[in-house]
Amino acid sequence: MTTRDDCRELDRSDPLRARRDDFVLAPGLIYLDGNSLGPLTRSSHERVVATLDEWAKGLVGSWNAAGWMAAPTRVGNRLATLIGAAPGEVVVADTLTVLLAKLLLGALDLVPERSVVLTDAANFHSDLYVAEAMARRAGRPVTLRSIDRDTLEDELSEDVALVMLTHVDFRTGEMLDLAGVTERVHAAGALMLWDFAHSTGAVPLDVTAANVDFAAGCTYKYLNAGPGAPGFLYVRSSWQGVIENPLPGWLGHARPFDFERDYEPAAGVQAFVTSSPSVIAINALDGALDAFEGVTMDEVRAKSLALTDLFIELVEARLPGVFAVITPREHARRASQVALRSDHAYGIVQALIARGVVGDFRAPDVCRFGFAPLYLRYVDVYDAVEHLVAVIEREEHLDDAYATRNPVT
Ligand SMILES: Cc1ncc(COP(=O)(O)O)c(C=O)c1O
């Protein structure tokens, strides 16, 4: 079994070890919830303060002088490199569910002769709600079919207009085959929309090589942009000018300050912007992206797999039979989190938090642990498992204080 000394050695030779200093993390805290809300980066903090200063001093003039209006595409272009997109294919705006709504309705208009949207029955609930609602509003009868994703191949009939899947399962951490699934969907004549909530900044993505049509993601998880930070949307360049934003607003207009009566979409992905950009929040993301500068996603991936391998190894060695590991073992199917199933999952997560090890609980019975390679150390993984052993051995999870769930779990 890997020892604590082995972990210290791994940390000493870790090419990403200096990145931890970019983050604001309390001493002693082991943060395994970056798959829900990433921690603040120093750079993001500075960028927000600088933006407040632009507001204080420059007032309305900062829309021009500080380049505020271009923030959605400028920061979108930075983010594009993390998903394998070209400049001009990504824009930062809205939040993920809203972006999915725009892409769902926009994409459905592109295939008027088809009438089915396929999605995964285990998809994130917000994705299911919005897909169902948009199917109802498609302007023609469209049915949403929620399927077992393993049966996708059989479900791909000539009625299918669009397939919407989340690349990494929010509960289990299972990662789907981006290029393989997209290719099968295209072979059936349908369009592909991916949700990258648990992928961006966690695993290497190449939307260009995978020939993805549309994608959207959030920025508050592995990208560390802050609570409720804006999302991002990807529209492949060949669809730009073809797909329409179903929620047009003045800032997606070709000439917003001409105040024209009729809508004419701006060129490129800017057409998917509806409203004024949330400049402070977008600049928080801009700062947070500094942590990825000079780092390749292959380096991030190598360390992520080493961390999740280590966690699984230690949990199984130290707590045999206590948990079912519901995250796939195969590297190709595992993203950057490990999910453990237990009847006492909520209490276990809360007892760990009381010990300074922060993970989260996902109903009905999952303890979820995210492993963000930019700030986590191997020794953190070792210590987290030791805390977990102590919680179980001392039955701390059975404390009455954990009998009632907090609103956010
Ligand atoms: C897979 C997935 N899709 C969608 C969402 C919803 O994101 P938002 O609250 O930004 O709309 C989340 C939020 O965690 C998510 O995990």
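Output the residues belonging to region 55-79 that are in contact with a Gly (Cβ under 8 Å, 6 or more places away or on another chain) and closer than 18 Å to T200 by Cβ. It would help to see each step written out before you state the result.
Of all residues in region 55-79, those in contact with a Gly (Cβ under 8 Å, 6 or more places away or on another chain) come to 65-66, 73-74, 77.
Correct list: T73, R74, N77.
The residues of region 268-280 that are assigned to a helix (DSSP H, G or I) and surrounded by fewer than 23 Cβ atoms within 10 Å (Cβ to Cβ), listed by number, are G268, Q270, V279, I280.
Condition check: of a type in the set (A, V, I, L, M) and either farther than 21 Å from K221 by Cβ or open to solvent by less than 40 Å² (accessible area, probe 1.4 Å) (or both). Does V408 satisfy that? So V408 fails the test.
Which of the residues that make up region 220-230 are near the ligand (Cβ under 9 Å from one of its atoms) and buried (at least 24 other Cβ atoms within 10 Å of the Cβ)? Within region 220-230, Y220, K221, A229, P230 meet the criteria.
For beta carbons closer than 7 Å, sequence separation of 6+ or different chains, a first residue in region 61-81 that is under 22 Å from R236 (Cβ atoms) and a second that is open to solvent by 30 Å² or more (accessible area, probe 1.4 Å), the qualifying pairs are T73/Q270; N77/P87; A80/A86; A80/P87.
Condition check ((1) surrounded by fewer than 17 Cβ atoms within 10 Å (Cβ to Cβ); (2) at pLDDT 95 or above; (3) over 23 Å from the mean Cα position of the chain (by Cα); (4) closer than 28 Å to L52 by Cα) across all residues:
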site: R236; (1), (2), (3), (4): no, yes, no, no
site: G249; (1), (2), (3), (4): yes, yes, yes, yes
site: A266; (1), (2), (3), (4): no, yes, yes, no
site: N283; (1), (2), (3), (4): no, yes, no, yes
site: A291; (1), (2), (3), (4): no, yes, no, yes
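When you check L398 against the structure, is it aliphatic (A, V, I, L, M) and under 30 Å from R42 (Cα atoms), yes or no? Against the criterion (aliphatic (A, V, I, L, M) and under 30 Å from R42 (Cα atoms)), L398 does not qualify. Determine if region 345-362 includes at least one residue that is over 23 Å from Y31 (Cβ atoms) and surrounded by fewer than 17 Cβ atoms within 10 Å (Cβ to Cβ). No; the residues of region 345-362 include none that is over 23 Å from Y31 (Cβ atoms) and surrounded by fewer than 17 Cβ atoms within 10 Å (Cβ to Cβ).
Scanning region 314-352 for residues that are within 24 Å of E393 (Cα to Cα) and basic (K, R) turns up R318, R341.
The residue list V116, V90 contains one member that is at pLDDT 95 or above, under 20 Å from D159 (Cβ atoms) and assigned by TED's automatic domain parsing to the domain that holds G241, which is V116.
Residue-wise test of (1) crowded, with 19+ Cβ neighbours inside 10 Å; (2) within 16 Å of the ligand (Cβ to nearest atom); (3) under 23 Å from G88 (Cα atoms).
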site	(1), (2), (3)
A179	no, no, yes
G189	no, no, no
L205	yes, yes, yes
C218	yes, yes, yes
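Here F214 passes the criteria (1) over 25 Å from the mean Cα position of the chain (by Cα); (2) under 22 Å from V111 (Cα atoms) except the one numbered (1). Would you say D399 is open to solvent by 70 Å² or more (accessible area, probe 1.4 Å) and modelled with pLDDT under 95? So D399 fits the description; yes. For beta carbons closer than 7 Å, sequence separation of 6+ or different chains, a first residue in region 215-227 that is modelled with pLDDT under 95 and a second that is within 11 Å of the ligand (Cβ to nearest atom) and not aromatic (F, W, Y), there are no qualifying pairs. Checked against (1) open to solvent by less than 50 Å² (accessible area, probe 1.4 Å); (2) in contact with a helix residue (DSSP H, G or I) (Cβ under 7 Å, 6 or more places away or on another chain); (3) among the β-branched types (V, I, T); (4) more than 16 Å from the ligand (Cβ to nearest atom), T200 passes all but condition (4).
The values are calculated or read from the model by the stated rules, or taken from the named source; none is laboratory data. Given the structure is predicted, the values throughout are model-derived calculations rather than measurements. Heads up, the Cβs are rebuilt from the backbone with ideal geometry, glycines too, and the neighbour counts pull from every protein chain shown. Protein only, heavy atoms only, side chains kept; ligands, DNA and RNA dropped before computing areas. Shrake-Rupley method; radii C 1.70, N 1.55, O 1.52, S 1.80 Å.
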